[in-house]
Amino acid sequence: MPMPEPSSLRLGPVVLGHPRISVVAVLDSTATWTAADWEALREAGVSVACGPGPAPSTDFPWVDANTIAWGADPHAPGIFFLDKEFQVSRYPAWARALDRPWGPVLEGPDAEPWALAAVAAGAPLVALRLTTPQVSGVVTELKALAGALGRELTRVPKQAEGTVPRAPGLPGSARRYATRTGCRIAFQGEHGAYSEMAVHSLFAPGVNQAVPLPSFRELFTSVLAGDVDFGMVPIENALAGPINENYDLLREFPDLHIVGETQVRVEHNLIGIPGTPLVTIRRVFSHPQGLAQSKQFLDAHPQWEAVPFYDTAGSVKHVAQTGDPALAAIASAEAARVYGMEILVPGVETNHRNFTRFFLIARKTEPGEGTPNKASLVFGTADEPGALSRCLAVFSAHGVNMTKLESRPIHGRPWDYSFYVDVRLPPRHEAFEAAIAELGAVAKELRVLGVYEA
C-alpha cells in the first residue's frame, strides 16, 4: 500500500512535514548564544531548535523538548517523534501508523549518511545534536537529495532588513536617514515589496511615508517633479544581474543624482490562499526577477505555469483578490502578511545568498546623508581601438578601485554604448577628483551620477 503522509505541523513561520525535509537542532544549552549564533544556525539551513524549557530570547522557531516524543516508541505523546534508536529498515512500517512528523536523532561523524538514509526512507525530519551553531555538511547533502526526491528543505524566513511598519528591522539609530521625518520616498510596486523594505532600511517607518508607484519611469518622474522627496530603485541583483531599465533611466534624468545605497536580502516564498495544498496549484505569479531567482524550485514543479507579473508583492495582492487556490505567488514574507496570505513553502530562491542592491535617488538640490565612500558615473568612448582601455586605466593610475562595470546601448544610437562604473572612494578624495578630471579628457559625455555612502 502507498505510504501515507503524516500531518504537517506549523511552528511559527515554518511548517514541518511532507513534502518538506526539516532539520531540527537539539541543543542542551543556549545561555551564551548571541544573535549572530542564531543567525548562523538559520543560514546553515536548520528549521527549528529544541531544548529544555521555554524559548530563549530569540525569534528562531523553538520547541520545548518536553513536548516531543523521544525514544523508540513512535506512538508516545508529543507534537513530533524523534527516534533515538534509528533503524532505517523499520521506517516504512512505522510511517503507515504515524500521524505526525518524525525522524532520527543523529550526532557524530555518522550523522550524514544516516540522515540521507532516513530521508530516503521517507522521514520528514532529521534531528542533529549540536553544542555550537556550526552545522556539518549534512544540510547541503540533504538539500541535494531533496531535489532528487522532488521535495523541499524547510528554511526559516529571515527577518527583512528594513520592512513595513509592523517589523521595522533596523533600530532607528542604525538607519542612515534616522533623523529625517516627513519624507515621502517612492518605490516601484505594491506595499510589501522588497523595494519598500529597502526604503525602511534607511528611513524610519511611521514618521516617513513609502509611496508605491506602478513603474520605474513614474518613480523617476515623480522625484524630478518634487511629488516625492526620494526614490528607491533596485539596480542589481546578486543572482539575476542588473536591472537595465534603471541604468537607462539614470542616464535619461540628468537632474537627479544618487544620494545613497542599501542592500536587502531577498528571501522568496511560495505564497497562496491559506490552507492550499501544493497539488492544487496550477499557476505561479511573480516579477520576472522573482521567477528567475526561484528557477530551481519552479523547475522541480513542471506542472506549474510560471506567469510574469509587474511586481512580487503585487502578485500576492492579485492572488488574494482572486481567492483562487490554484494560483500562487513568489514574494516576501512581508507581502504575505500585508495581504493576509499564507507562506506555503519558505525560502524558494535558488541561492540563499541572494541580495538586491538599491540606489536612493533625489533631485540635485537634495544632499545625501553620511560620509561618502563610493561614486557612480557614466561615460562613452570613441569608436577606436583601445578607447575603453585608456578610460579604465585612469582609475588604476590614481589608485581608485573600480567595483562595477556595466555597458548599455544608447537608445536611438545603434551600436553606441554607455559604460556605467562604480568606484570606491580612496581615503584622499583628491585622487578621485583628479581621476575624474583626467577621465573627462579621454571619455565622451562623462557624468558623475552620485557620490554617496554605501
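Values quoted throughout were computed directly from the atomic coordinates according to the rules given, and no laboratory measurement underlies them. Since this is a predicted model, take the numbers as computed values, not measurements. Glycine also receives a Cβ, built like all others from the backbone with ideal geometry; neighbour counts cover every protein chain displayed.
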Label point at Arg282 placed 7 Å out along Cα→Cβ; residues across region 316-349 whose backbone nitrogen lies under 15 Å: 322-328
Virtual spin-label span in nm between Ala437 and Thr322, 7 Å along Cα→Cβ: 6.1
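Tally Lys and Arg at +1 and Asp and Glu at -1 over the other residues with C-beta under 12 Å from the C-beta of Gly137: what net charge comes out? Walk me through the intermediate numbers first.
Numbers: positive: Lys143; negative: Glu112, Glu141.
Net charge around Gly137: -1.
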Separation between Cα centres of region 396-416 and region 185-225, rounded to whole Å: 28
Gain in span if fully extended, Thr403 to Trp415, counting 0.36 nm per residue against the direct Cα distance: 1.8 nm
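Ranked by Cβ crowding within 10 angstrom, fewest neighbours first, how are Trp38, Trp415, Trp114 ordered?
Trp415, Trp114, Trp38
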Among Val451, Gly440, Pro212 - extreme Cα towards positive end, dipole of the chain, charges at beta-carbon: Pro212
Computed helical MRE - 222 nm, the chain, DSSP H runs ≥ 4 contributing -39500 (n - 2.57), nearest 500: -7500 deg cm²/dmol
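Hey, any idea what Rg/Rh is for the chain, computing Rh the Kirkwood way over Cα pairs? Display every interim value, and only then the final one.
Values: Rg = 25.3 Å, Rh = 24.3 Å.
Reported Rg/Rh (Cα atoms, Kirkwood Rh): 1.04.
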Stokes-Einstein translational diffusion, region 206-327 - Kirkwood Rh over all Cα pairs, 1.567 mPa s, 4 °C, in µm²/s: 78
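Tell me the net charge near Pro214. Cut-off is 12 Å between Cβ atoms, Pro214 excluded, with +1 for each Lys or Arg and -1 for each Asp or Glu.
On the way: positive: Arg217; negative: Glu190, Glu218, Asp311.
Residues close to Pro214 contribute a combined charge of -2.
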Per residue, the convex hull volume that the Cα atoms of region 347-391 enclose (Å³): 223
Residue (of Gly103, Val279, Pro56) at the positive-pole extreme of the chain, dipole from beta-carbon charges: Val279
Unit charges at the beta carbon, dipole of region 351-419: most positive-side option, Ser376, Leu392, Ile410: Ser376
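Normalising by the residue count of region 374-452, find the relative contact order in percent from Cα pairs under 8 Å and 6+ residues apart. Provide the component values of the computation, followed by the final result.
Values: 131 pairs, mean separation 38.6, N = 79.
It rounds to 49 percent for region 374-452.
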Dipole magnitude (debye, nearest 20) for region 374-452, charges at Cβ of Lys, Arg, Asp, Glu: 220
Residues whose placed amide H lies under 5 Å from that of Ala204, excluding near-sequence neighbours: none
Electrostatic dipole magnitude of the chain [Cβ: Lys, Arg +1; Asp, Glu -1; Cα centre; debye, to 20]: 220
Under-5 Å amide H pairs with Ala306, H placed in peptide plane, nonlocal only: Val284
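Please state the charge dipole magnitude for region 269-345, taken about the Cα centre, from unit charges on C-beta atoms (+1 on K and R, -1 on D and E), reported in debye and rounded to the nearest 20. Numbers along the way, then the final one.
Numbers: 5 positive and 6 negative charges, 5 e Å.
The dipole of region 269-345 has a size of about 20 debye.
Most exposed first by the Cβ proxy, i.e. fewest other Cβ within 10 Å, how do Asp248, Asp416, Asp28 rank? Kindly include the intermediate steps, with their values, before the conclusion.
Numbers: Asp248 18, Asp416 13, Asp28 10.
In order of increasing Cβ crowding within 10 Å: Asp28, Asp416, Asp248.
Could you tally the net charge around Gly189, taking each other residue with its Cβ under 9 Å from the Cβ of Gly189, Lys/Arg +1 and Asp/Glu -1? Intermediate values should be presented prior to the final figure.
Working: positive: none; negative: Glu190, Glu196, Asp311.
Neighbourhood net charge equals -3.
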Backbone HN-Hα couplings from phi across region 378-388 [Karplus 6.51/-1.76/1.60, Hz, Gly and Pro as x]: 9, 7, x, 9, 5, 8, 7, x, x, 4, 5
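Translational diffusion coefficient, Stokes-Einstein: compute it for region 269-345 using the Kirkwood radius over C-alpha pairs as Rh, at 20 °C and 1.002 mPa s, and state it as an integer in µm² s⁻¹. Walk me through the intermediate numbers first.
On the way: Rh = 11.7 Å.
In µm²/s, the coefficient is 183.
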Pairwise FRET efficiency - Ala238 versus Thr34, Cβ, R0 = 30 Å, nearest 0.05: 0.70
